[in-house]
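Below is one structure; the comments refer to it alone.
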Amino acid sequence: MRVLIVVCMLVACTNKHNGTTVDGPVGSACTGAVYDPCTSNDQCMSMNCHFYNASNLQVCTQACTAGDNSTCPVDSTGSNGLCNTMGNCKPAAANPCTR
């Protein structure tokens, strides 16, 4: 019985990350930062919530120089977002926050 308890504790400890990810606390509240998930412009500090249809991704974004990814902030992957032909920064994924 003690072995089972120890094994369960080890599994729980190795799977738990103390509520954090590389990018910050899991489930932390969105602040309207670039790449936070959104449903309307007023949820974004930039007042620009954009839906990327091909990726099924809706996030706060900002303007950039079309084709120049260096004009976009770094996303959750650690790389600059992609500056699309419309001049909007598109991340690989939304920030891991909740509304």
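For a Förster distance of 22 Å, can you work out the FRET efficiency between the beta-carbons of V74 and S40, rounded to the nearest 0.05? Efficiency computed from Cβ-Cβ geometry: 0.35. Here the Karplus relation 6.51 cos²θ - 1.76 cosθ + 1.60, evaluated at θ = phi - 60°, turns the backbone of segment 77-86 into coupling constants of 8, x, 10, 4, x, 8, 8, 7, 5, 8 Hz, with x for every Gly and Pro.
Let's test the formula: R0 of 25 Å, r as the Cβ-Cβ distance of S28 and N48. What FRET efficiency results, to the nearest 0.05? Here the calculated transfer efficiency is 0.70. Each pair of Cα atoms in segment 30-74 enters the Kirkwood radius, and Stokes-Einstein at 20 °C and 1.002 mPa s then converts it into a translational diffusion coefficient of 200 µm²/s.
Every read-out reported here was derived from the displayed coordinates using simple, explicitly stated rules and does not represent laboratory data. These numbers come from a predicted model, not from an experiment. Glycine gets a Cβ as well: all are built from the backbone with ideal geometry, and neighbour counts include every protein chain shown.
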